[in-house]
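Peer 1: I'd like to ask some things about the structure below.
Computed from the coordinates by the stated procedures, all read-outs in this text should not be read as laboratory data. Bear in mind that the values here come from a model prediction, so they are computed numbers and not experimental data. Because the Cβ atoms are built from the backbone with ideal geometry, glycine has one as well, and the counts that use them run over all protein chains shown.
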Amino acid sequence: MKLLLHTCCAPCSVYCIKSLRSEGIEPVVYWFNPNIHPYMEYKTRRDTLKEYTKSIGVKAIFDENYGLKDFCKNVINDLENRCVKYCYRVRLEQTAKYAKENGYDTFSTTLLISPYQNHEALKKIGEEMAEKYGLTFLYRDFRQGFRQGQTEARELGLYMQKYCGCIFSEEDRYYNPNKEKKDYPMEKNITKFLPNL
Ligand code: SF4
């Protein structure tokens, strides 16, 4: 199996890579995350992953296109459904496309570790993209290792982000005077699991 592992950030990759390696699978990490804003946050998460992958000797490929404008244009008309309708889809589709064009037969994503993402939607979109590109989507329920991975990431001193990624999740985290009236379940949940908020 030649596995391309879409990777959202270093902390989420810790358990996923360890778990795959324990199965005898050596993933190639793939960074494509136009959902992370603003740029300095994007850069910090990306550079943390660069350092981390180097330190554990895993091959990593970085698509360094920031992509802020396209992301915003594509979610602005339906912000409440942006995760499932666009954010998961664009990242998994690009991963599948890259995998197909570069000789991988299988792809997956570290997003499957988060108990706060829509796990079923990720699985469904992954399988849909696998069919579209003639690949296998390696599904694993990594959520059991979420706490362990986060603990190890903190012990390693990795940068731990304080909001999901997009500028809208950042707004909800830091500036939301009508918080009770808004209904972005993703961000509400995200704040529950991130430490020191
Ligand atoms: S909240 Fe997170 S998953 Fe949802 S659109 Fe923003 S970055 Fe993507």
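Peer 1: Tell me the Kirkwood radius of segment 43-131: reciprocal of the mean inverse pair distance over distinct alpha-carbon atoms, in Å. List each step's numbers first, then the result.
Peer 2: Numbers: mean 1/r = 0.0682 Å⁻¹.
Result for segment 43-131 stands at 14.7 Å.
Peer 1: Under the definition of Cα pairs under 8 Å and six or more residues apart, what whole-number percent is the relative contact order of the chain? Numbers along the way, then the final one.
Peer 2: Values: 270 pairs, mean separation 55.6, N = 197.
Computed over the chain, the figure is 28 percent.
Peer 1: Rank Val29, Phe62, Leu49 by how far each Cα sits towards the positive end of the charge dipole of the chain (+1 on Lys, Arg Cβ; -1 on Asp, Glu Cβ) and give me just the farthest.
Peer 2: Leu49
Peer 1: Using each residue's phi in segment 99-109, evaluate 6.51 cos²θ - 1.76 cosθ + 1.60 at θ = phi - 60° and report the 3J(HN,Hα) Karplus result to the nearest Hz, with x for Gly and Pro.
Peer 2: 4, 4, 6, 10, x, 8, 9, 9, 9, 7, 8
Peer 1: ³J(HN,Hα) across segment 91-98 via Karplus (A = 6.51, B = -1.76, C = 1.60, θ = phi - 60°), whole Hz, x for Gly/Pro?
Peer 2: After applying 6.51 cos²θ - 1.76 cosθ + 1.60, I find 6, 6, 5, 4, 5, 5, 4, 5 Hz.
Peer 1: Quick query: amide H of Cys8 versus all other amide H atoms, modeled in the peptide plane; which residues come in under 5 Å with a sequence gap of 5 or more or a different chain?
Peer 2: Amide H to amide H, under 5 Å and 5 or more residues apart or across chains, Cys8 pairs with Thr110, Leu111.
Peer 1: Per 10 Å bin, what percent of the C-alpha pairs of the chain does each bin hold, from zero upward?
Peer 2: Bins of 10 Å from zero give 9, 37, 40, 13, 1 percent of pairs.
Peer 1: Here's a follow-up. Using a Gaussian network for the chain with springs between C-alpha atoms less than 10 Å apart, which of these wobbles most: Ser22, Ser108, Ser13?
Peer 2: Result: Ser22 has the largest fluctuation of those listed.
Peer 1: Hey, another quick one. Any chance you could give the angle, 0 to 90 degrees and rounded to 10, that helix 119-133 forms with the longest Cα principal axis of the chain?
Peer 2: 50
Peer 1: Which longest uninterrupted range of the chain lacks any GluC sites (Glu not before Pro) assigned by DSSP to a loop state (not H, G, I, E or B) and surrounded by at most 11 other Cβ atoms within 10 Å?
Peer 2: It runs 65-197.
Peer 1: List the residues whose amide H sits under 5 Å from the amide H of Thr106, counting only those 5 or more places along or on another chain, with H placed 1.01 Å from N in the peptide plane.
Peer 2: Amide H neighbours of Thr106, under 5 Å, 5+ apart: Lys2, Leu4, Thr136.
Peer 1: Using label points projected 7 Å from each Cα along Cα→Cβ, tell me how many nm separate Arg21 and Glu93, to one decimal.
Peer 2: Placing both labels 7 Å beyond Cα along the Cβ direction yields 3.4 nm.
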